[in-house]
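Here the structure is laid out as structure tokens; the discussion comes afterwards.
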Amino acid sequence: MRNQKALLVSGAAALAAGVLVYREVFTPWQQAWGATVEETEEPLPGDDLLAAPAAQITRAITIDTDPAAVWPWLVQIGADRAGFYSYDWAENLVGLDIHSAESVVDDWQQLEVGDLVRASRHHPAGWYVVHLVPGEALVLQMADVRAQRPARRTDHGLEFQWTFVVRPAGTGRTRLLVRERVGFGSRRAQWLMAPTGVVSFVMTRRMLLGIKLRAERSAPSPPGAGRGRTKVPSGRVRRRYAAGQTRETIEA
């Protein structure tokens, strides 16, 4: 009997220690993987499009080529386009039919606010483009395809926003930031979605590494060559999408 009690106490202590390590060590590390403290705290384009309260995660990676060579890989993401450069086999286990591209495809370089970035080839689900600054920032929000607008936490239990930012990081290098913002409509929804945090980390980390690998491998040589690049307009085009309407402004 004493041995059984000792085993139970030891097991409970080990479980408690594991939970503590997961919460205090692993969770903060994976939620800011590759990102500096400043990058996790600074505002990014589109943050204001998903209202507080919202949980926020920022991950990042340095890519050894310039932003103009990284952007084309971002703008062509989508299940029916270039995929997500992550673990295709894992995504395909749930029937998404993802096939990540190994090259930049000209036909996939057009993206506009209001477009649907598909999560599956066979089902009308994914994210709407809600903010776009060519060559700099892409912001997506989980789609309510039936309503033809981003999903609202009041209707679906949560809102999800995905932000991609590319910026120069010294001569010939790029910082790629990926931010997730999630707003929950209830505590129940928050608890139900909690297990997806680890999945998000595993898939996002692989995506960042996949983009890095592809962008560096296809980087033009010598610097300045045009292969693998897209033309960014001379003016900065800022577009937003909200409540089914598109607003556009151009800054010189």
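The values are calculated or read from the model by the stated rules, or taken from the named source; none is laboratory data. Since this is a predicted model, take the numbers as computed values, not measurements. As a convention, Cβ positions derive from the backbone with ideal geometry for all residues, glycine included, and neighbour counts pool all protein chains shown.
Before moving on, here are some points about what is shown:
- Residue count for the range 168-197 under the criterion of being at pLDDT 95 or above, basic (Lys, Arg) and surrounded by fewer than 13 Cβ atoms within 10 Å (Cβ to Cβ): the result is 0.
- Hey, VAL130 at pLDDT 95 or above and closer than 24 Å to PRO53 by Cα or not: yes
- Check on ALA225, modelled with pLDDT of 95 or more and small (Gly, Ala, Ser): no
- Checking each residue in the range 109-135 for being more than 25 Å from HIS99 (Cα to Cα) and surrounded by fewer than 21 Cβ atoms within 10 Å (Cβ to Cβ) picks out only VAL133.
- Scanning the range 169-186 for residues that are under 15 Å from THR36 (Cα atoms) and assigned to a strand (DSSP E or B) yields a count of 6.
- Filtered residue count, the range 83-108, keeping only those that are of a type in the set (D, E, K, R), under 25 Å from ALA151 (Cα atoms) and surrounded by fewer than 16 Cβ atoms within 10 Å (Cβ to Cβ): 1
- PHE201 being aromatic (Phe, Trp, Tyr), more than 18 Å from ALA79 (Cα to Cα) and either surrounded by 15 or more Cβ atoms within 10 Å (Cβ to Cβ) or in contact with a helix residue (DSSP H, G or I) (Cβ under 6 Å, 6 or more places away or on another chain) (or both): yes
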